[in-house]
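Engineer: My questions will all concern the structure given below.
The values are calculated or read from the model by the stated rules, or taken from the named source; none is laboratory data. Just so you know, these numbers come straight off a predicted model, no measurement behind them. Virtual Cβ from ideal backbone geometry, glycine too; neighbours counted across all protein chains shown.
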Amino acid sequence: MELDDRKKAILEAVIESYIENAEPVGSRTIAKRKQLNISPATVRNEMADLEEMGLLEQPHTSAGRIPSDLGYRVYVDKLMKRYELTADEINRMRSLMQLKISEMDSLIREITNIYSRLINYTVIATMPEQKQATIKHFQIMPIDSHNILLIVVTDSKMVKETKITLTRPITLYDAVQISSVLNESLAGVPCKDINISSIKGLQSELYEYDEIIQPILDFVYECISTEDNAKIFYGGITNLLNFPEYSNINRARELLEYLDNKSNIQRVIAHRQHEKVKILIGSENNAIELNDCSVVLSPYQIDGRAIGTIGLIGPTRMNYSKAVSNIEFLAGQLNRLSEYNMEEKK
């Protein structure tokens, strides 16, 4: 989607005004911004074009415009300027890391509670349990020439299966070959050591079956994510009630009930995969309860290995630039803190 400079400037101005005031934005408000130097009539026409492009919405006929999820996405990907944390913000976050807590999970729990009070969003975090599941066995069974049954068994005796429909025929020999490669490469490997990159490395070994291997790999990753019993922490879950978007008691109750379910939090965090910072806007969260929310996620590490995720949940009109800077800094501090804790224990 290509936007000229004027449309970019107007979209950016609308989004930043709405983030600040939580009120639909009119053309006069945008025209008053000195740096734009254009008339309200011109702004009105440009805003109408942005609405036709799906970047703005008009909640009421007589009201101004508000950003759509797509508008926020364009802003985050192309227009957002990096927010520089102030010295006071940095000092407050660093002070969290002075907590004298020996156990990492207790530290993460305390940080989510305190940090949520600093930024007024909900803070979520995960940390894997010490005991990790291992995939024990794979088996692929042809149902007919174009359908197979994939079975995955873990050492905790969890059995998951799925039917996969193929676009080309598969023989019993093919099924045995694929099962063999999966078992040789992944059986007996702890789930914590299997990631998307290592799984996709199998594609080179199974290049003959490239057309059918992707749905198999997707299901394997789903099994791994489900079996990964991560500890989940969150702080400031009621912070969202301070935003006008949740003045409706029914919407607020639905959101709080959704966030109170740890399996829902796990599904939200699973979207991060292996990106440094992942931003999910509104409907991108694939949960109706989060349609008015955005989520910013980032991994943190111990000993150079990504083991957990820290994230923020706020309204879709959150200050994305500030949220990204905050979560990147916090993840970096957690990385350094975990390294310090490991040195202390040596």
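Engineer: Out of contact with any Lys or Arg (no Cβ under 7 Å at 6 or more places or on another chain) and assigned to a helix (DSSP H, G or I), is that true of ALA13?
Structural biologist: no
Engineer: Of (1) buried (at least 20 other Cβ atoms within 10 Å of the Cβ); (2) farther than 30 Å from GLN333 by Cβ, ASP4 satisfies all except one. Which?
Structural biologist: Answer for ASP4: the failing condition is (1).
Engineer: Find the residue count for segment 298-346, including only residues that are aromatic (Phe, Trp, Tyr) and at pLDDT 85 or above.
Structural biologist: Count: 2.
Engineer: For segment 253-279, give me each residue that is of a type in the set (Asp, Glu) and either at pLDDT 90 or above or not in a loop (DSSP other than H, G, I, E, B) (or both).
Structural biologist: Answer for segment 253-279, where residues must be of a type in the set (Asp, Glu) and either at pLDDT 90 or above or not in a loop (DSSP other than H, G, I, E, B) (or both): GLU254, GLU257.
Engineer: Considering (1) among the aliphatic types (A, V, I, L, M); (2) more than 30 Å from LEU337 (Cα to Cα); (3) in the same structural domain as PHE243 (by TED's automatic domain parsing), say which one MET93 fails and leave the rest.
Structural biologist: All conditions pass for MET93, except number (2).
Engineer: Looking at ASP69, ASP88, ASP4, can you tell me which residue is modelled with pLDDT of 95 or more and of a type in the set (Asp, Glu)?
Structural biologist: ASP69
For every residue, the table says whether it meets (1) of a type outside the set (S, T, N, Q); (2) over 30 Å from ARG336 (Cα atoms); (3) assigned by TED's automatic domain parsing to the domain that holds THR126; (4) in contact with a Leu (Cβ under 8 Å, 6 or more places away or on another chain).
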| residue | (1), (2), (3), (4) |
| --- | --- |
| ILE237 | yes, no, yes, yes |
| ASN248 | no, yes, yes, no |
| LEU255 | yes, yes, yes, yes |
| ASN261 | no, yes, yes, no |
| ALA270 | yes, no, yes, no |
| LYS276 | yes, no, yes, no |
| ILE281 | yes, no, yes, no |
| ASN286 | no, yes, yes, no |
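Engineer: While we're here: In segment 68-78, is there at least one residue being free of Cβ contacts under 8 Å to residues at least 60 places away in the same chain, of a type outside the set (Gly, Ala, Ser) and surrounded by fewer than 11 Cβ atoms within 10 Å (Cβ to Cβ)?
Structural biologist: Within segment 68-78, one or more residues are free of Cβ contacts under 8 Å to residues at least 60 places away in the same chain, of a type outside the set (Gly, Ala, Ser) and surrounded by fewer than 11 Cβ atoms within 10 Å (Cβ to Cβ).
Engineer: Would you mind stating whether GLY282 is on the phi > 0 side of the Ramachandran plot and modelled with pLDDT of 90 or more?
Structural biologist: In short, yes.
Engineer: Let me ask something else. Taking into account only those residues within segment 138-161 that are β-branched (Val, Ile, Thr) and farther than 13 Å from ILE212 by Cβ, which is surrounded by the most Cβ atoms within 10 Å (Cβ to Cβ)? Lay out the reasoning, then the answer.
Structural biologist: Narrowing segment 138-161 to residues β-branched (Val, Ile, Thr): 140, 143, 148, 151-154, 159.
Checking which are farther than 13 Å from ILE212 by Cβ leaves us with 143, 151-154, 159.
On the way: ILE143: 12, ILE151: 15, VAL152: 24, VAL153: 17, THR154: 18, VAL159: 11.
Here the residue is VAL152.
Engineer: List every residue pair whose Cβ atoms sit under 9 Å apart, with the two residues 6 or more apart in sequence or on different chains, where the first one lies in segment 48-61 and is part of a helix (DSSP H, G or I) and the second, anywhere, is among the β-branched types (Val, Ile, Thr).
Structural biologist: LEU50/ILE10; LEU50/VAL14
Engineer: Moving on. Starting from segment 1-25, keep only residues that are farther than 18 Å from ILE281 by Cα, then list their pairs with residues that are surrounded by fewer than 22 Cβ atoms within 10 Å (Cβ to Cβ) and of a type in the set (Lys, Arg) whose Cβ atoms are within a distance under 7 Å, requiring at least 6 positions of separation or different chains.
Structural biologist: That search, which allows pairs on different chains as well, returns ALA13/ARG33.
Engineer: May I pose another question? Looking at (1) charged (D, E, K, R); (2) touching a helix residue (DSSP H, G or I) at 6+ places or on another chain (Cβ under 8 Å); (3) in a helix (DSSP H, G or I), which is the one condition that is false for ARG82?
Structural biologist: For ARG82, the exception is condition (3).
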